[in-house]
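J.: Let me begin by handing over the structure; questions about it come next.
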Amino acid sequence: MIKKAVIPAAGLGTRFLPATKATPKEMLPVVDKPAIQYVVEEAAAAGLSDVLMITGRNKRPLEDHFDRNYELESALTRKGDAERLLKVQESSELATMHYVRQGDPRGLGHAVLCAEPHVGDEPFAVLLGDDLIDPRDPLLARMIEVQGREGGSVVALMEVAPEQVHLYGCAAAERTGDPDVVRITGLVEKPDPADAPSNLAVIGRYVLDPSVFGVLNRTEPGRGGEIQLTDALQELAGDEKLGGPVHGVVFDGRRYDTGDRGDYLRAIVGLACEREDLGPGFRKWLRHFVADEMAGD
Ligand code: UTP
């Protein structure tokens, strides 16, 4: 049974400056919730009730968001505003939250390594704090199921256009009997399109065997001078004796990188359209907006 989720959220968010100068990118609102709340909700929905967030300097708002806010709660109680009171309380009741600071953001691999004392010797999930999976397209539950059956580690993959491959970790993979599951034979971080083994990109969800910690401990800084999780997974995929096989679940649902400005806008539009309260009015406005844009083309 996998119970623990690790959410790395210590990155600097430079792609979103100046918004992220004093505000963590994970706190930027997607409709009316900070992006990170969707990620914690996803972990909780997959049964992961213990969440460790990897944070750093300037990330205090993350801790405050998942804590109680008694002042606000009593003000809303006095006003009799039960609906908003529920919204304020929701985020503090999702999971048991823990925090550890990364100190220097020395890469995603280093962030995951910071979780070792908390996770111990059991498989665990990693959800990147700026990667938003649409709640209507569950991915993590499928990954946990595959890990339970196959053992080892499981990463989430998505087919991307060849010109996008250089933005991701990229997998060499073999088919299995399941159409959405592949066996990973190699991984390379942000390859040149000419050297990419496939168009299968690693996205921000992982279910990892704890042997990854031993490998990360001896992983030298790689691309960009950072300790890369991809490099450690490449080592695990290359030697099953270390920690079992590495499989990939190929995801074809809706996923947004909220650290990227274009994808952030798409996340807001995509999720706002589906909202019962805001959706009908917003869709109507959007249809007019698009019609006007097309008329102008
Ligand atoms: P990104 O590659 O998006 O880097 O990290 P970043 O620093 O957050 O953002 P940009 O590229 O400067 O805009 C992927 C994930 O890994 C976490 C980030 O918080 C994000 O969830 N991360 C990255 C860490 O926790 N620590 C690190 O040292 C690096």
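The values are calculated or read from the model by the stated rules, or taken from the named source; none is laboratory data. Computed from a prediction, not measured in an experiment: that's the story for all the values here. Please note: Cβ atoms are built from the backbone with ideal geometry, for glycine as well, and neighbour counts cover all protein chains shown.
J.: Just checking, which of Ala95, Ala75 is touching a strand residue (DSSP E or B) at 6+ places or on another chain (Cβ under 9 Å) and either crowded, with 16+ Cβ neighbours inside 10 Å or over 19 Å from Tyr38 (Cα atoms) (or both)? Don't jump to the end; show me each part of the working.
T.: Values: Ala75 fails: touching a strand residue (DSSP E or B) at 6+ places or on another chain (Cβ under 9 Å).
The conditions single out Ala95.
J.: When both residues are 6+ apart or on different chains and their Cβ atoms are under 7 Å apart, which pairs have a first residue that lies in region 229-247 and is assigned to a strand (DSSP E or B), and a second that is modelled with pLDDT of 95 or more and among the polar types (S, T, N, Q)?
T.: Val246/Ser153
J.: Here is a list of conditions, (1) surrounded by 14 or more Cβ atoms within 10 Å (Cβ to Cβ); (2) modelled with pLDDT under 95, and Val155 meets all of them except one; can you say which number that is?
T.: It fails just one condition, (2).
J.: Does region 244-264 include one or more residues that are closer than 30 Å to Gln147 by Cα and surrounded by fewer than 15 Cβ atoms within 10 Å (Cβ to Cβ)?
T.: Yes, the conditions are met somewhere in region 244-264.
J.: Which numbered condition in (1) among the charged types (D, E, K, R); (2) within 16 Å of the ligand (Cβ to nearest atom); (3) in contact (Cβ under 8 Å) with a residue 60 or more places away in the chain; (4) in a loop (DSSP other than H, G, I, E, B) is the only one that Arg205 fails?
T.: Going through the list (1) among the charged types (D, E, K, R); (2) within 16 Å of the ligand (Cβ to nearest atom); (3) in contact (Cβ under 8 Å) with a residue 60 or more places away in the chain; (4) in a loop (DSSP other than H, G, I, E, B), Arg205 breaks only (4).
J.: Now, a different point. Only one of Leu140, Leu127, Leu167, Leu132 is of a type in the set (A, V, I, L, M, F, W, C), surrounded by fewer than 17 Cβ atoms within 10 Å (Cβ to Cβ) and in contact with a strand residue (DSSP E or B) (Cβ under 8 Å, 6 or more places away or on another chain). Can you tell me which? Show your work before the answer.
T.: Values: Leu140 fails: surrounded by fewer than 17 Cβ atoms within 10 Å (Cβ to Cβ); Leu127 fails: surrounded by fewer than 17 Cβ atoms within 10 Å (Cβ to Cβ); Leu132 fails: surrounded by fewer than 17 Cβ atoms within 10 Å (Cβ to Cβ).
Going through Leu140, Leu127, Leu167, Leu132 in turn, just one is of a type in the set (A, V, I, L, M, F, W, C), surrounded by fewer than 17 Cβ atoms within 10 Å (Cβ to Cβ) and in contact with a strand residue (DSSP E or B) (Cβ under 8 Å, 6 or more places away or on another chain): Leu167.
J.: Could you check Gly259 against (1) at pLDDT below 95; (2) in a helix (DSSP H, G or I); (3) within 27 Å of Asp104 (Cβ to Cβ); (4) not acidic (Asp, Glu) and say which number it fails?
T.: Answer for Gly259: the failing condition is (2).
J.: Turning to a different aspect of this structure: Is at least one residue of region 34-54 more than 28 Å from Met143 (Cα to Cα), in contact (Cβ under 8 Å) with a residue 24 or more places away in the chain and either surrounded by fewer than 17 Cβ atoms within 10 Å (Cβ to Cβ) or away from the ligand (no atom under 14 Å from the Cβ) (or both)?
T.: Within region 34-54, the subset more than 28 Å from Met143 (Cα to Cα) is none.
Checked region 34-54: no residue is more than 28 Å from Met143 (Cα to Cα), in contact (Cβ under 8 Å) with a residue 24 or more places away in the chain and either surrounded by fewer than 17 Cβ atoms within 10 Å (Cβ to Cβ) or away from the ligand (no atom under 14 Å from the Cβ) (or both).
J.: Quick check on Ala10: is it within 13 Å of the ligand (Cβ to nearest atom) and assigned to a loop (DSSP other than H, G, I, E, B)? Give the derivation first.
T.: On the way: within 13 Å of the ligand (Cβ to nearest atom): yes; assigned to a loop (DSSP other than H, G, I, E, B): yes.
Yes.
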